[in-house]
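Novice: Take this structure, written in structure tokens, and hold onto it; I'll ask about it next.
The values are calculated or read from the model by the stated rules, or taken from the named source; none is laboratory data. The shown structure was predicted, so the numbers you read here are calculated from the model rather than taken from an experiment. In this analysis, Cβ positions are derived from the backbone assuming ideal geometry, glycine residues included, and neighbour counts consider all displayed protein chains.
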Protein chains: 2
Amino acid sequence: MNVTGHTRRPASIRDVATAAGVSYQTVSRVINGHPSVRPATRERVLAAIDDLGFRRNATALALASGRSRAVTVLTANTTHYGYASILQGIEEAARAASYSVGIGVLESAAEDTVAAEVRRAADAGDGLIVIAYDPAGVRALDTAPGLSADLPVVGVVETPASPPGGDRPWVWTDDREAAYQATRHLLSLGHETVHYVAIPSSTRRTSARTTGWRQALKEAGASEPRPVQGSWSPAGGHAAGARLAADPAVTAVLCGNDDLALGVLRALHEAGRAVPDEVSVAGFDDAPHAAYLTPSLTTVRMDFTGLGRAAFALLHGVLEKSAQVAPRPVSVPELVVRESSGPPPARG
Amino acid sequence: MNVTGHTRRPASIRDVATAAGVSYQTVSRVINGHPSVRPATRERVLAAIDDLGFRRNATALALASGRSRAVTVLTANTTHYGYASILQGIEEAARAASYSVGIGVLESAAEDTVAAEVRRAADAGDGLIVIAYDPAGVRALDTAPGLSADLPVVGVVETPASPPGGDRPWVWTDDREAAYQATRHLLSLGHETVHYVAIPSSTRRTSARTTGWRQALKEAGASEPRPVQGSWSPAGGHAAGARLAADPAVTAVLCGNDDLALGVLRALHEAGRAVPDEVSVAGFDDAPHAAYLTPSLTTVRMDFTGLGRAAFALLHGVLEKSAQVAPRPVSVPELVVRESSGPPPARG
DNA sequence: GACATGAATGTGACCGGTCACACAAGGCGC
DNA sequence: GCGCCTTGTGTGACCGGTCACATTCATGTC
């Protein structure tokens, strides 16, 4: 144990070598667990390492080995529950694998902003995970390969519209299926149709959640109202909800996430429409607050941290060829029925 | 512009040098804007840089210069709104200063867990920001200097109990004052006293918010109920709220954050106690959902991203001595009165 | 016209690791 | 007793930058 407080420059392998009376290469061998080092020598080196408080310099290691054992996460936002949970899942898995995690926030979807962030990420780590639920993320995911040829990129995406997209390095939960189930749940309660307040779609066309909703309506032969474009926030949900509340025909609303649902609930309340007696509302994500709202929110539970872990695992597999490039990890969200959904009011 | 797709090893300054017909040192000078380079030479070098798509290798730079222009943020959680916002503020400021941000999650407050994370942080970047609102963060903040002598550490903390703590590199918002104001608000509405549901205290004794609450009660000559120990989550608030709801004497509840308040609201609802008619509730943070709850939540708005930016600014000042070590940045939270607080019920 | 001065550029060492290779000593086969 | 393989260890170059110092040439000064 080193007790000298004023360790100026931290000890290098050469310092350790001198202290142990061996060459720096031998120290390197000990550090890396190379077999052919005589036990006695190893002991001496380990003692010196301990004594000098040696820690392997990550920067030098990165320069020499060409790999930094660091990944960068690009996201449009760190505060949304889903995004934050994914990040936490990534960090957890990365930590377990002794990788460090860097983070970059995409402040806009503008091409140059995104490009700048991707480049920063490219020379900060040796892999990139993009949370691509929104236009900024999608653009990053699209342009990254072009901007930095040999930077492995993994995307956390919505359920891809087309069949599993060849072998793109993507992870997702089946939110199309989840939206389908949530919609069916509402229809099965007796609602004639289900309105939808959408999160901003990641693709130019329409989001996976929208697709699942639409599919359920179609199968049930229900009419398909125009989705209301929301944002990610309660404020967006509130605006959308206000419009829906004004239409007496609306009896069931599915929301792209729980924050939107919260805004919708509020708008319905302000319009004097009772939930679930007059209108049913369902959300998406099962954020921590969903269960504690009044009425508590029927929603779809998403395993975001699991998604984050899977994203890292996939990237890890690419970075260390050894690790198998895991079979596309897809988890299935689970519908959680609470107070906010119920049968429609008897026909007036 | 380089159009060759297969850039094997990326160009180094020596490649650029050869291409431009100068020495690598001249390239280095151009990159760093050294004055004494003949304009014509500079042009040639710049052309070569552009042509080869040269990007300065961050790792080599870090090794040679001894500084990596990276900071690490240590936090117990990335999903809480406050924490996530602080992180976002840090990232924003760091990006503006061309620093990259790494993140480490403290999974427990156990000594070795924390120590391991601090060490990882120490050799990942050249500065550390610790979000120290909870035991894990506090321990990290406390032990970091001992674990890694010359690693600059900045703490995002609760309002320190003692006078500004010498010259500790800390940033905070005056949440003691905020709690004081929120409590006074409730008292001024006519409540005899205000109950408090606490977030886990960061110190062994009591949190700044608790102190502010206590101070307001004392000044008003109100009785001081035992604070109810909550967690950070709605679930914790719900448990605490259930207990408080059972006591008819309770007419006003201040909560350590908005998630707790949400749980308390729910518990009161379940107990059949109307808010604000029978019981007033106030939160802390002004999370995005606070305004959209029913009833909407009276709370204290905290400038978390500003706090994050300040934390980075402080660390930045330490890292680059040039930058002034900003005067301790303290922002003042603002009380936002909404529907959840009102006068107590007329004495029955 | 000799010499100090400064601008423009190049050379070598270094940061702290890794890798490829050289080399000495010991065990084994024949 | 010689060659040969294996084990243990050391040497030198390298990763891609920076820094300190040397060098060249043009200019100004007396």
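Novice: If you go through the range A:173-182, how many residues are outside any helix (DSSP H, G or I) and surrounded by fewer than 24 Cβ atoms within 10 Å (Cβ to Cβ)? Quick ask: steps written out before the conclusion?
Specialist: Filtering the range A:173-182 for residues outside any helix (DSSP H, G or I) gives A:173-174.
Still in the running and surrounded by fewer than 24 Cβ atoms within 10 Å (Cβ to Cβ): A:174.
Number of matching residues: 1.
Novice: Sticking with this structure for a sec: Does the range A:72-92 include one or more residues that are at the interface with chain B (Cβ under 10 Å from one of its Cβ atoms), charged (D, E, K, R) and under 30 Å from residue A:200 (Cα atoms)?
Specialist: Yes, some residue in the range A:72-92 is at the interface with chain B (Cβ under 10 Å from one of its Cβ atoms), charged (D, E, K, R) and under 30 Å from residue A:200 (Cα atoms).
Novice: Let me ask another. Just to check your reading of the model, which residue among A:121, A:93, A:109 is away from DNA strand D (no atom under 15 Å from the Cβ) and in a loop (DSSP other than H, G, I, E, B)?
Specialist: A:109
Novice: Continuing with the same structure: Is it fair to say residue B:167 is more than 14 Å from the chain's Cα centre (by Cα), of a type outside the set (S, T, N, Q) and within 14 Å of chain A (Cβ to nearest Cβ)? Even if it seems obvious, please write down each step before you answer.
Specialist: Values: more than 14 Å from the chain's Cα centre (by Cα): yes; of a type outside the set (S, T, N, Q): yes; within 14 Å of chain A (Cβ to nearest Cβ): no.
No: the conditions fail for residue B:167.
Novice: Go through the range A:23-44 and count every residue that is away from DNA strand C (no atom under 12 Å from the Cβ) and either farther than 20 Å from residue A:61 by Cβ or assigned to a helix (DSSP H, G or I) (or both). Spell out the reasoning first.
Specialist: Our first condition is that a residue be away from DNA strand C (no atom under 12 Å from the Cβ); within the range A:23-44, this holds for A:35, A:37, A:39-44.
Filter once more, so that each one left must be either farther than 20 Å from residue A:61 by Cβ or assigned to a helix (DSSP H, G or I) (or both): A:35, A:39-44.
Looking only at that region, the number is 7.
Novice: Mind listing whichever residues of the range B:48-95 are acidic (Asp, Glu) and not assigned by TED's automatic domain parsing to the domain that holds residue B:309?
Specialist: First, the residues of the range B:48-95 that are acidic (Asp, Glu): B:50-51, B:91-92.
Selection gives B:50, B:51.
Novice: Moving on. Quick one: in the range A:72-85, of everything that is under 24 Å from residue A:116 (Cα atoms) and touching a strand residue (DSSP E or B) at 6+ places or on another chain (Cβ under 6 Å), which residue is nearest to DNA strand C (Cβ to nearest atom)? Before the answer, list the steps.
Specialist: Pass one, the range A:72-85, residues under 24 Å from residue A:116 (Cα atoms): A:72-80, A:83-84.
Next, from what is left, pick out any that are touching a strand residue (DSSP E or B) at 6+ places or on another chain (Cβ under 6 Å): A:72-75, A:83.
Values: A:72: 22, A:73: 26, A:74: 28, A:75: 32, A:83: 35 Å.
Once the filter is applied, the top-ranked residue is A:72.
Novice: Follow-up question, since we're still on this one. Being more than 8 Å from every other protein chain (Cβ to nearest Cβ) and over 23 Å from residue B:147 (Cα atoms) is the filter here; which residues of the range B:93-119 pass it?
Specialist: Those that are more than 8 Å from every other protein chain (Cβ to nearest Cβ) and over 23 Å from residue B:147 (Cα atoms): B:93, B:94, B:96, B:97, B:98, B:99.
Novice: Since residue B:84 meets every condition but one in (1) among the small types (Gly, Ala, Ser); (2) over 27 Å from the mean Cα position of the chain (by Cα); (3) modelled with pLDDT of 95 or more, which condition does it not meet?
Specialist: Unmet for residue B:84, out of (1) among the small types (Gly, Ala, Ser); (2) over 27 Å from the mean Cα position of the chain (by Cα); (3) modelled with pLDDT of 95 or more: (2).
Novice: Inside the range B:231-348, counting only helices (runs of 4 or more DSSP H) that do not spill past its ends, which hold 2 or more residues that are within 25 Å of residue A:291 (Cβ to Cβ) and within 14 Å of chain A (Cβ to nearest Cβ)? Spell out how you get there, then give the answer.
Specialist: Working: elements: B:234-245, B:258-270, B:304-319.
The qualifying helices (runs of 4 or more DSSP H) are B:234-245, B:258-270.
Novice: Something else: I'd like to check something: does the range B:48-56 contain any residue that is assigned to a helix (DSSP H, G or I), within 14 Å of DNA strand C (Cβ to nearest atom), more than 8 Å from chain A (Cβ to nearest Cβ) and free of Cβ contacts under 8 Å to residues at least 24 places away in the same chain? Give the steps one after another, and end with the answer.
Specialist: Of all residues in the range B:48-56, those assigned to a helix (DSSP H, G or I) come to B:48-52.
In the following step, the residues that additionally are within 14 Å of DNA strand C (Cβ to nearest atom) were identified as B:48.
Those still in the list that are more than 8 Å from chain A (Cβ to nearest Cβ) too: B:48.
Add one more test, that the residue is free of Cβ contacts under 8 Å to residues at least 24 places away in the same chain, and what stays is none.
So far as the range B:48-56 goes, no, none of its residues is assigned to a helix (DSSP H, G or I), within 14 Å of DNA strand C (Cβ to nearest atom), more than 8 Å from chain A (Cβ to nearest Cβ) and free of Cβ contacts under 8 Å to residues at least 24 places away in the same chain.
Novice: Here is a further query. Which residue, of B:182, B:124, B:161, is away from chain A (no Cβ under 14 Å) and either at pLDDT below 95 or under 18 Å from residue A:73 (Cβ atoms) (or both)?
Specialist: Working: B:182 fails: either at pLDDT below 95 or under 18 Å from residue A:73 (Cβ atoms) (or both); B:124 fails: away from chain A (no Cβ under 14 Å).
None of the other options fit; the residue is B:161.
Novice: Suppose we keep only residues that are in contact with a helix residue (DSSP H, G or I) (Cβ under 7 Å, 6 or more places away or on another chain) and within 14 Å of another protein chain (Cβ to nearest Cβ) within the range A:137-158. Which one would you say is modelled with the highest pLDDT? Full working, then the answer.
Specialist: Residues of the range A:137-158 that are in contact with a helix residue (DSSP H, G or I) (Cβ under 7 Å, 6 or more places away or on another chain), as a first pass: A:139-140, A:143-144, A:147-148, A:151-156, A:158.
Of the ones still in play, those that are also within 14 Å of another protein chain (Cβ to nearest Cβ) are A:147-148, A:151.
Working: A:147: 87, A:148: 83, A:151: 91.
So, considering only residues that are in contact with a helix residue (DSSP H, G or I) (Cβ under 7 Å, 6 or more places away or on another chain) and within 14 Å of another protein chain (Cβ to nearest Cβ), the one modelled with the highest pLDDT is A:151.
Novice: Just a yes or no: is a residue in the range B:234-243 of a type in the set (Lys, Arg), within 20 Å of residue B:344 (Cβ to Cβ) and not assigned by TED's automatic domain parsing to the domain that holds residue B:127?
Specialist: First pass over the range B:234-243, keeping only residues of a type in the set (Lys, Arg): B:243.
Narrowing the set further to residues that are within 20 Å of residue B:344 (Cβ to Cβ) leaves B:243.
Imposing the further condition that a residue be not assigned by TED's automatic domain parsing to the domain that holds residue B:127 reduces the set to B:243.
Yes: one or more hits.
Novice: Return the pair list, or none, for Cβ contacts closer than 7 Å from residues in the range B:8-21 that are more than 14 Å from every other protein chain (Cβ to nearest Cβ) and more than 7 Å from DNA strand D (Cβ to nearest atom) to residues that are of a type in the set (Phe, Trp, Tyr) and not in a loop (DSSP other than H, G, I, E, B), at least 6 apart or on different chains.
Specialist: B:17/B:24
Novice: Among the numbered conditions (1) surrounded by fewer than 20 Cβ atoms within 10 Å (Cβ to Cβ); (2) in contact with a strand residue (DSSP E or B) (Cβ under 9 Å, 6 or more places away or on another chain), tell me where residue B:143 comes up short.
Specialist: (2)
Novice: So, one more: Which numbered condition trips up residue B:62, out of (1) away from DNA strand C (no atom under 16 Å from the Cβ); (2) more than 20 Å from residue A:94 (Cα to Cα); (3) in contact with a Ser or Thr (Cβ under 9 Å, 6 or more places away or on another chain)?
Specialist: Condition (1) is where residue B:62 drops out.
Novice: Just checking, which of B:185, B:195 is surrounded by fewer than 24 Cβ atoms within 10 Å (Cβ to Cβ) and closer than 30 Å to residue B:245 by Cβ?
Specialist: Details: B:195 fails: surrounded by fewer than 24 Cβ atoms within 10 Å (Cβ to Cβ).
That would be B:185, the only listed residue that is surrounded by fewer than 24 Cβ atoms within 10 Å (Cβ to Cβ) and closer than 30 Å to residue B:245 by Cβ.
Novice: A further question follows. Does residue B:18 fit the bill of being among the polar types (S, T, N, Q) and more than 27 Å from residue A:150 (Cβ to Cβ)? Don't jump to the end; show me each part of the working.
Specialist: Details: among the polar types (S, T, N, Q): yes; more than 27 Å from residue A:150 (Cβ to Cβ): no.
Against the criterion (among the polar types (S, T, N, Q) and more than 27 Å from residue A:150 (Cβ to Cβ)), residue B:18 does not qualify.
Novice: Still on this structure, please answer the following. Can you spot a residue in the range B:74-90 that is near DNA strand D (Cβ under 10 Å from one of its atoms) and either surrounded by fewer than 22 Cβ atoms within 10 Å (Cβ to Cβ) or closer than 30 Å to residue B:302 by Cβ (or both)?
Specialist: Kept after step one, since they are near DNA strand D (Cβ under 10 Å from one of its atoms), are these residues of the range B:74-90: none.
No - not one qualifying residue is present in the range B:74-90.
Novice: Also, quick follow-up: Among the residues of the range B:114-133, is any in contact with a Pro (Cβ under 8 Å, 6 or more places away or on another chain) and of a type outside the set (A, V, I, L, M, F, W, C)?
Specialist: Within the range B:114-133, the first condition is being in contact with a Pro (Cβ under 8 Å, 6 or more places away or on another chain), and the residues that meet it are B:126-128.
When the remaining residues are screened for being of a type outside the set (A, V, I, L, M, F, W, C), the result is B:126-127.
Yes.
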